[in-house]
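Report on the following structure.
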Amino acid sequence: MNFKALFIIPSQRKVYGMRLSPAYPPLGLLYISSVLEKLGVEVKILDYDVDKLNDSALLSSIKDFRPNIIGMTSTTPIINEAFRLADLIKSNFEINIILGGIHPTLVPDECISHHSVDFVVKGEAEDTIRDFILETVSGGKDFSNVKGLFYKQEGKFYFTGERNLIEDLDKIPFPARHLLNNFLGYKPPDAEHLPVASIMTTRGCPGRCTYCCTQNIFKDRYRMRGIENVLEEIDDIIKRFKVREIHIADDALNINKIRTMQLCEAIRKRNYNVAFEFLNGLRADLIDQDLLEAFKSIGIRNVGFGVESADKNILKRVKKNIPPEKVEDAVRLAKNNGFKTWVFFMIGLPGETEETIKNTIKFAKKLDADFTKFMIFKPYPGSEIYKEIKDKGYIDSFDFDKYGVYTPPVHHLESLSAADLLYWQKRAFREFYFRPKKIWAHIIRQKSLSQLKLSLRGFIFICFNIFRKQPPPGCKPQGI
């Protein structure tokens, strides 16, 4: 097939709000690339951060490669950067630009309205991009049968309708990691052994948490790859990329206990000489002794759980149906089995007050996980919770550059200003980590150079959150 596709990963700097190397390449884009290569399309991938690009270098690459289409993937914090690059490209080349990823899926109408964007893919993209290119190559301009696509025609916007999710995940080729120009440039901050590869063995989560956007792409379906298919991918990335760690990127691997146990047993039998870790948290209410023993059997050392809040009314309001006592049981069991434990909280969910935050900090200290993160909730557009707080006038900024994971709050609540939320986040980190008991525990844990490096990264992260001085503009602290 005489067709070229260029995919651009915009700079991720604004995702974190701090200068970090990209942890992982976007698996979704790598899956799409592998599907297109199988179709006979020549594919090129450029990562603005890892490839150390500037605008001039990007334009030179486009001129040399001469793609038929340019695609970009985008989360909410980098959508403005994606738009900027689209404008830059359109001002220099007559090339169609297609936008995909979680943010275009959440608000496709807004994205297709941007003057430099020609197409938007909503949801799972492998089959949509394939059908779009087949239609393009055939010389047709009728995209009405390409489900999952937004497009422009004669000044009007059209949506072709929802596309069904892919039923058989094993039919999708493995992610095209070989197209990355610098595989070693991706460095997860919690990795002990480089290089690292991420892998997804399932797609979706049956949870209905109102702050989460996973269901916007995968609905509430939970689909599992065949275990043999997963093993083949592990074999491939170990052989081709010499990885020393594999991070499992499933939204929640332990949804199906039987399948999880079978997967761990199959991995154990292969006797891989690599470390396995979880990129995301596990369901605390579905953790038991059998699963923890299975995780330990394949060398997993860390387990994490999303707690969000210690307040049951807040949890009920955001449809996080895992009570704090279940988290307490899971953390205790994990510790008893020798795992390092991580827990994650969100400050600023609807219903939050000073009292609920104090109780959450108290609960965090009671759990006493090895690592605890207090994140400020971000109301991502398209999520159920976004509409709720937007309708109440609680959102202070609609500048998506400020919606990074570690950036200050962009909203307030009835009894808490944005500056209050930032204050309580800093206080939570201070109260949890600046305890003599916790400081001593981290000192005596240092038994290797890799552990020391991890601890230093964690210390820098904590200091960043505690000592940053930039309160949100125009927000006056209340009750501090």
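We did not get these values from a lab; they are worked out from the coordinates using the rules stated. Only a predicted model underlies this, so the values are computations on that prediction, with no experimental measurement involved. Heads up, the Cβs are rebuilt from the backbone with ideal geometry, glycines too, and the neighbour counts pull from every protein chain shown.
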Debye, to nearest 20: dipole size of the chain, +1 on Lys, Arg Cβ, -1 on Asp, Glu Cβ: 1700 debye
Computed lengthening from Asn256 to Glu42, 0.36 nm per intervening residue step minus Cα-Cα distance: 73.2 nm
Distance (nanometres) between label positions extended 7 Å along Cα→Cβ at Asp401 and Ser144: 4.2 nm
Signed unit charges on C-beta, dipole axis of the chain, positive-most listed residue Pro436, Gln153, Thr201: Pro436
Lys/Arg +1, Asp/Glu -1 at C-beta; segment 4-159 dipole; positive extreme among Val120, Phe65, Ser144: Phe65
Helix 257-270 axis, angle to the chain major axis (alpha carbon atoms, nearest 10°): 80 degrees
Förster-model FRET efficiency, 60 Å R0, Arg268 and Lys156, C-beta, rounded to 0.05: 0.60
Normalised alpha carbon radius of gyration of segment 4-159 [divisor 2.2 N^0.38 Å]: 0.98
Helix 227-241 axis, angle to the chain major axis (alpha carbon atoms, nearest 10°): 80 degrees
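Just check segment 249-352 against the gyration tensor rule for me: Cα atoms, a ≥ b ≥ c as the square roots of the eigenvalues, rounded for a/c under 1.5, and otherwise prolate or oblate depending on whether a/b exceeds b/c.
Taking the square roots of the gyration eigenvalues as a ≥ b ≥ c, segment 249-352 is prolate.
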Inter-site label distance for Glu384 and Glu414 at 7 Å from Cα along Cβ, in nm: 2.0 nm
Asp109-Asn280 pseudo-label distance in nm [points 7 Å out on the Cα-to-Cβ vector]: 2.7 nm
Tyr24/Lys239 FRET efficiency (R0 25 Å; Cβ-Cβ; nearest 0.05): 0.80
Alpha-carbon centroid distance for the pair segment 155-231 / segment 325-368, whole angstrom: 28 Å
Segment Ile439-Arg332, extension gain: residue separation times 0.36 nm, minus the distance between their alpha carbons: 36.5 nm
Rounded to the nearest 20 debye, dipole of segment 4-159 from Cβ charges on Lys, Arg, Asp, Glu: 240 debye
Computed FRET value (nearest 0.05) for Lys312 with Ser60, which takes r as the C-beta separation and R₀ as 56 Å: 0.50
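For Asp118, what is the net charge nearby, where nearby means another residue's Cβ is under 11 Å from its Cβ and Lys, Arg count +1, Asp, Glu -1?
Counting the neighbours of Asp118, the net charge comes to +1.
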Crossing angle, helix 55-65 versus the chain [Cα axis fit, 0-90 degrees, rounded to tens]: 40 degrees
Spin-label proximity, Lys219 to segment 120-151 - amide N less than 20 Å from point 7 Å beyond Cα toward beta carbon: 121-131, 145-150
From the coordinates shown, semi-axes √(5λ) of the Cα gyration tensor in Å corresponds to which of (i) 66, 30, 18; (ii) 46, 28, 21; (iii) 36, 28, 21: (iii)
Packing-based exposure ordering (other Cβ within 10 Å, fewest first) of Thr360, Thr128, Thr214: Thr214, Thr128, Thr360
